[in-house]
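Student: One structure is given below, represented as structure tokens, and several questions about it will come after.
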Amino acid sequence: MRIALIALAAFALHAGAALAHPDHDDEEQEARTPQQTARDNVIRLVSQAKLPASWSRATVAGTRERTSRGQHQTIVTFRNDAESDPARKLFHVVLTTDGAFVSGDFRQP
């Protein structure tokens, strides 16, 4: 009898864990565009005080693809009309094809 109770308890714990954690692979995750990912990186740079706060309101000026050292990359360019220096009105964010941040710079990459 004791062994049956232990087996039943072990089964109940195992089944409970399986029911509490359904397979999350079936859920489709919303794909983020390069523009959204780049904007997240601009906001991160603003929050780290690496860019002025006005860049959080910058608009996307363009997107292009390039290959650098055999790696495909996406460049998203932001325009900030609040910047007084013409050389700092455009900011370029370089992302890998899977959305990882490579670099951000005011100079054309």
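The values are calculated or read from the model by the stated rules, or taken from the named source; none is laboratory data. Values in this document were obtained by computation on a predicted structure and should not be read as measured data. Here the Cβ positions follow ideal geometry from the backbone for every residue, glycine too, while neighbour counts run over all protein chains shown. Please note that ligands, DNA and RNA were not included when accessible areas were found on the heavy atoms of the full protein model with its side chains. Shrake-Rupley method; radii C 1.70, N 1.55, O 1.52, S 1.80 Å.
Student: For the range 71-81, which residues satisfy the criterion of being open to solvent by 60 Å² or more (accessible area, probe 1.4 Å) and over 16 Å from residue 99 (Cα atoms)?
Tutor: 79, 81
Student: Determine if the range 43-52 includes at least one residue that is charged (D, E, K, R), within 16 Å of residue 103 (Cα to Cα), assigned to a helix (DSSP H, G or I) and modelled with pLDDT of 95 or more.
Tutor: yes
Student: Restricting the range 25-42 to residues that are assigned to a loop (DSSP other than H, G, I, E, B) and surrounded by 12 or more Cβ atoms within 10 Å (Cβ to Cβ), which is modelled with the highest pLDDT? Don't jump to the end; show me each part of the working.
Tutor: First pass over the range 25-42, keeping only residues assigned to a loop (DSSP other than H, G, I, E, B): 27-33.
Add one more test, that the residue is surrounded by 12 or more Cβ atoms within 10 Å (Cβ to Cβ), and what stays is 32-33.
Details: 32: 91, 33: 96.
Among those residues, the one meeting the criterion is 33.
Residue-wise test of (1) surrounded by fewer than 11 Cβ atoms within 10 Å (Cβ to Cβ); (2) farther than 26 Å from residue 30 by Cα; (3) touching a residue at least 40 places away in the same chain (Cβ under 8 Å).
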position: 49; (1), (2), (3): yes, yes, no
position: 54; (1), (2), (3): no, yes, no
position: 87; (1), (2), (3): yes, yes, no
position: 90; (1), (2), (3): no, yes, no
position: 99; (1), (2), (3): no, no, yes
